[in-house]
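Visitor: Pasting a structure below so you can have a look.
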Amino acid sequence: ILGVAVNNRGDSSVGAVAAINSFFGRKEIPLGAYKGNTVGTNETPVFDNLANDTQCFGHRSCSRSDVPSAVELYRSLLVTRRSPDVVIVSIGHLNNLQDLLKSDPDSASDLDGVALVKRSVSHAVIMGGNYPEGREHNFHARGSAESAAFVVEAWPTPIVFSGFEIGARIFTGPTLAGREKGNPVARAYSLHSSRPLERGRPSWDQTAVLAAVRGPDCFWNVSNPGRNRVETDGSNHWMNDANGRHVYLIERDLPEIVAAEIEGLMVGDADLA
């Protein structure tokens, strides 16, 4: 993992990520943050709880002001890669990736954002949209439609989309019950939703991460190539195109099988992960 760029505007969101990284033995991962105020939420009860419990999770206390901007982080990391071998996974709004694509040459690189991505990134995996068409949160909520439309259209490398329909049938959380004190993921699950952990909740973001790290064929089939179009209201429409750079995940393995894999990774025990 080269870095984590937070796309939320809650000040303690960065500290919450630091807590999770620390729990999984990855304190060294560089962090960056969205510095704007137009996309995402500043609601912080879950963020605050994780970020402030430095004694339990062993992380350094930090907020958005303590880390570089997401664009600075992306550019500083991508410039070190001389071949397209980086996979970028997005599990939220696309504001940071929009800002990266629009970035100008700087002291880190004489390439603009599009050229830098094209040189250093193999592909992106994006949790967003509904396939073959629909309207999903990451593409429309809290001012994100503009950035979603721009990134999906302008991204210069292939994109794998993990849609709403994929994570909606994969319920995770039951294995985390009783671990809320020491596991930041379990605590976030418990604080975020009114649903009891024993019932679980849909696993939209984890599917994108799994597809990014292990390849989309680890649990899913992929569509034929095409083009995903995002409208100004955040709705998306799939268009088949043999020359297109986009594909989307299609359910293959039973949701229960995928859920068991995700549960083991989130628990973090060596015998399960």
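Visitor: Would you call THR207 of a type in the set (Val, Ile, Thr), over 19 Å from the mean Cα position of the chain (by Cα) and buried (at least 16 other Cβ atoms within 10 Å of the Cβ)? Walk me through it before giving the result.
Guide: Details: of a type in the set (Val, Ile, Thr): yes; over 19 Å from the mean Cα position of the chain (by Cα): no; buried (at least 16 other Cβ atoms within 10 Å of the Cβ): yes.
No.
Visitor: Still on this structure, I have one more. Return yes or no: is SER63 open to solvent by 10 Å² or more (accessible area, probe 1.4 Å), among the polar types (S, T, N, Q) and either more than 24 Å from GLY163 (Cβ to Cβ) or at pLDDT below 95 (or both)? Give the steps one after another, and end with the answer.
Guide: On the way: open to solvent by 10 Å² or more (accessible area, probe 1.4 Å): yes; among the polar types (S, T, N, Q): yes; either more than 24 Å from GLY163 (Cβ to Cβ) or at pLDDT below 95 (or both): yes.
Yes.
Visitor: Could you check the range 138-154 and list, in sequence order, the residues that are modelled with pLDDT under 95 and of a type in the set (Asp, Glu)?
Guide: GLU146
Visitor: Here is a further query. Out of contact with any strand residue (DSSP E or B) (no Cβ under 7 Å at 6 or more places or on another chain), farther than 16 Å from ARG81 by Cα, open to solvent by 10 Å² or more (accessible area, probe 1.4 Å) and without any contact (Cβ under 8 Å) to a residue 60 or more places away in the chain - does that describe any residue in the range 126-141?
Guide: Yes: the range 126-141 contains one or more residues that are out of contact with any strand residue (DSSP E or B) (no Cβ under 7 Å at 6 or more places or on another chain), farther than 16 Å from ARG81 by Cα, open to solvent by 10 Å² or more (accessible area, probe 1.4 Å) and without any contact (Cβ under 8 Å) to a residue 60 or more places away in the chain.
Visitor: Please go through the range 235-265 and pick out each residue that is open to solvent by 20 Å² or more (accessible area, probe 1.4 Å) and either acidic (Asp, Glu) or in a helix (DSSP H, G or I) (or both).
Guide: Passing the criteria: ASP241, GLU251, ASP253, GLU256, ILE257, ALA260, GLU261, LEU265.
Visitor: A further question follows. Against the condition closer than 28 Å to SER13 by Cβ, β-branched (Val, Ile, Thr) and surrounded by fewer than 19 Cβ atoms within 10 Å (Cβ to Cβ), how does THR232 come out, does it pass? Walk me through it before giving the result.
Guide: Numbers: closer than 28 Å to SER13 by Cβ: yes; β-branched (Val, Ile, Thr): yes; surrounded by fewer than 19 Cβ atoms within 10 Å (Cβ to Cβ): yes.
When the stated conditions are applied, THR232 passes them.
Visitor: Determine which member of the set ALA154, ALA168, ALA186 is touching a helix residue (DSSP H, G or I) at 6+ places or on another chain (Cβ under 9 Å) and surrounded by 20 or more Cβ atoms within 10 Å (Cβ to Cβ). Spell out the reasoning first.
Guide: Values: ALA154 fails: surrounded by 20 or more Cβ atoms within 10 Å (Cβ to Cβ); ALA168 fails: surrounded by 20 or more Cβ atoms within 10 Å (Cβ to Cβ).
Just a single option satisfies the conditions, and that option is ALA186.
Visitor: Follow-up. Pairs only if they're at least six apart or on different chains, beta carbon under 8 angstrom, first in the range 238-259 and within 30 Å of LEU176 (Cα to Cα), second surrounded by fewer than 20 Cβ atoms within 10 Å (Cβ to Cβ) and hydrophobic (A, V, I, L, M, F, W, C); list them, first residue then second.
Guide: Filtered contacts from the range 238-259: TYR248/VAL222; LEU249/VAL222; ILE250/VAL222; PRO255/PHE171; ALA259/PHE171.
Visitor: Something else now. It is to be established whether one or more residues within the range 168-184 are touching a Lys or Arg at 6+ places or on another chain (Cβ under 8 Å), more than 30 Å from LEU116 (Cα to Cα) and polar (S, T, N, Q).
Guide: There is at least one residue in the range 168-184 that is touching a Lys or Arg at 6+ places or on another chain (Cβ under 8 Å), more than 30 Å from LEU116 (Cα to Cα) and polar (S, T, N, Q).
Visitor: In the range 161-203, how many are closer than 29 Å to ASP217 by Cα and of a type in the set (Lys, Arg)?
Guide: Of the residues in that region, 3 qualify.
Visitor: Here's a follow-up. Could you please find all residues in the range 81-105 being open to solvent by 40 Å² or more (accessible area, probe 1.4 Å) and modelled with pLDDT under 95?
Guide: Residues of the range 81-105 that are open to solvent by 40 Å² or more (accessible area, probe 1.4 Å), as a first pass: 81-85, 87, 89, 91, 99, 102, 104-105.
Within the range 81-105, ARG81, ARG82, SER83 meet the criteria.
Visitor: If I filter the range 39-50 for residues that are modelled with pLDDT of 90 or more, open to solvent by less than 20 Å² (accessible area, probe 1.4 Å) and either among the basic types (Lys, Arg) or under 14 Å from ASP66 (Cβ atoms) (or both), do I get at least one hit?
Guide: Initial filter on the range 39-50 (modelled with pLDDT of 90 or more): 46-50.
Narrowing the set further to residues that are open to solvent by less than 20 Å² (accessible area, probe 1.4 Å) leaves 50.
Then keep just the ones that are either among the basic types (Lys, Arg) or under 14 Å from ASP66 (Cβ atoms) (or both); that gives none.
Checked against the condition, which is being modelled with pLDDT of 90 or more, open to solvent by less than 20 Å² (accessible area, probe 1.4 Å) and either among the basic types (Lys, Arg) or under 14 Å from ASP66 (Cβ atoms) (or both), the range 39-50 yields no hits at all.
Visitor: Taking only the range 217-273 into account, find how many residues are within 30 Å of SER22 (Cα to Cα) and of a type in the set (Gly, Ala, Ser).
Guide: 6
The values are calculated or read from the model by the stated rules, or taken from the named source; none is laboratory data. If you're wondering where the values come from, they're calculated on a predicted model, not measured in any experiment. When we count neighbours, we look across all protein chains shown, and the Cβ atoms used for this are built from the backbone with ideal geometry, even at glycine. Please note that ligands, DNA and RNA were not included when accessible areas were found on the heavy atoms of the full protein model with its side chains. Shrake-Rupley method; radii C 1.70, N 1.55, O 1.52, S 1.80 Å.
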